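The values are calculated or read from the model by the stated rules, or taken from the named source; none is laboratory data. Note that this is a predicted model, so its numbers are computed, not measured. Neighbour counts run over all protein chains shown; Cβ positions are idealised from the backbone, glycine included. Areas reflect the complete protein model, heavy atoms only, side chains present, ligands, DNA and RNA absent. Shrake-Rupley method; radii C 1.70, N 1.55, O 1.52, S 1.80 Å.
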Amino acid sequence: GGPGSGKGTQSLKIAERYGFEYISVGELLRNKMFHNATSNRKWSLIAKIITNGELAPQETTITEIKQKLMQIPDAPGIIIDGFPRDVAQALSFEDQVGYFFSSIVVTLLDKDMNDNNSNQTV
């Protein structure tokens, strides 16, 4: 589904229901940009990329997720919202992190995004 279709909302509800940690990749990257874009050349370039509507580099995204995961080693489960975006990202993540990666895909069809019944829980 497109932006604002409810994927993140549903991911957060699943995390809350089962006591899992919730990581929003978009929020994670925005926070990192906010705190580093003016003082760090790498993050300044990434901020420009994201501002232009493009995705952050895959390696940067994976590195930030890995750092966040190291902060919550005892989590009973983790929902990562906004990642992976494709199979190649999932395989790269698994190679680098070494975690068993299970993925739930929340999908909203275009017609559902415009439908008044789109408030249903997935």
Notebook entry, point to check: Yes or no: P57 touching a Gly at 6+ places or on another chain (Cβ under 8 Å) and closer than 26 Å to G98 by Cα?
Noted result: no
Check: Which condition does Y99 not pass, out of (1) modelled with pLDDT under 90; (2) surrounded by 16 or more Cβ atoms within 10 Å (Cβ to Cβ), if it passes all the others?
Finding: (2)
Item checked: the range 1-25, residues that are assigned to a helix (DSSP H, G or I), under 22 Å from F93 (Cβ atoms) and at pLDDT 90 or above -> L12, I14, A15, Y18, V25
Item checked: Qualifying residues in the range 33-45 (those that are open to solvent by less than 60 Å² (accessible area, probe 1.4 Å) and part of a helix (DSSP H, G or I)) - the one modelled with the lowest pLDDT -> N36
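Restricting to the range 51-62, name every residue that is surrounded by fewer than 14 Cβ atoms within 10 Å (Cβ to Cβ) and assigned to a helix (DSSP H, G or I). Break it down stepwise before answering.
If we filter the range 51-62 for residues that are surrounded by fewer than 14 Cβ atoms within 10 Å (Cβ to Cβ), which is where we start, we get 51-54, 57, 59.
Passing the criteria: T51, E59.
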Next item on the list: Quickly run through the range 3-31 and pick out the residues that are crowded, with 19+ Cβ neighbours inside 10 Å and under 15 Å from A56 (Cα atoms).
Entry: V25, L28, L29
Margin query: Can you go through K48, K66 and tell me which one is open to solvent by 40 Å² or more (accessible area, probe 1.4 Å), in contact with a helix residue (DSSP H, G or I) (Cβ under 7 Å, 6 or more places away or on another chain), charged (D, E, K, R) and modelled with pLDDT of 85 or more?
Written below: K66
